[in-house]
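The values are calculated or read from the model by the stated rules, or taken from the named source; none is laboratory data. Note that the coordinates shown come from a computational prediction; the quantities given were computed from them, not determined experimentally. Reconstructed Cβ throughout: ideal geometry from the backbone, glycine too, with neighbour counts over all protein chains shown.
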Amino acid sequence: MDIKEAIKARHSVRQFINKPIADDLKEKLNILIKECNEEGGLGFQIVYDDPECFNTFLSHVGKFENARNYIVLSGKKSLEDLDERCGYYGEKIVLAAQQMGLNTCWVAGTYGKSKVRVDIPDDEKRVCVIAIGYGANEGTKHRSKPIEKLCDIRGDQMQPWFRNGMVAAMMAPTALNQQKFFVTLENDEAVITAKKGMMTKIDLGIVKYNFEAASGHKCRA
């Protein structure tokens, strides 16, 4: 599937089958994570076959099953846009995983933070994790706000690239499906802003990646 198809097909999945990720896909994921770290100045790490991180009361309340693989998103505390970067590059990995036939779920609170099996340097901050594996299902499409609530460009003024970007942005996962972002157009450049709220800076990065990947245009946040 191409990137637009991956954006459309990808939904949050919390129930996985008890099947190890294939070695060839592990290699692809490892390479991609290394590339994201180098490009984004981040410290992402992936953990395979660890049942303990999601073996907590909150994880069970969150209905996680067989979540044995996860990506830890972290980076330097000194980065002012750390959350946004984690969202942007995390979504890049999430969509690549979808193209590989894997499923994912962004997780901020419902996992065992003390059970994460990676070492985080003192000058870095762990932002969140992404559960990854073979889904027991493909997840469910989330509801979206109307497009006119998320951008100030009306239909007859919307260029095809901008519409493609907006459609992808509307499909982006956001915390509690709040969609606290807004897109404007300044001198033919899309500008995405985030309102205040839980995880909205991470959401900003996620939305930005979706917009850019589907539109073929860089945007500013």
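List of remarks:
- Single match in Tyr89, Tyr70 (criterion: within 20 Å of Thr200 (Cβ to Cβ), in contact (Cβ under 8 Å) with a residue 60 or more places away in the chain and out of contact with any Pro (no Cβ under 9 Å at 6 or more places or on another chain)): Tyr89
- Hits in the range 99-110 (condition: touching a helix residue (DSSP H, G or I) at 6+ places or on another chain (Cβ under 6 Å) and surrounded by 23 or more Cβ atoms within 10 Å (Cβ to Cβ)): Thr104
- Pair list, Cβ < 6 Å and 6+ apart or interchain, from the range 96-115 residues that are not assigned by TED's automatic domain parsing to the domain that holds Asp83 and of a type outside the set (D, E, K, R) to residues that are in a loop (DSSP other than H, G, I, E, B) and surrounded by 21 or more Cβ atoms within 10 Å (Cβ to Cβ): none
- Output for the range 170-221, where each listed residue is polar (S, T, N, Q) and more than 27 Å from Gly109 (Cβ to Cβ): Thr184, Asn187, Ser215
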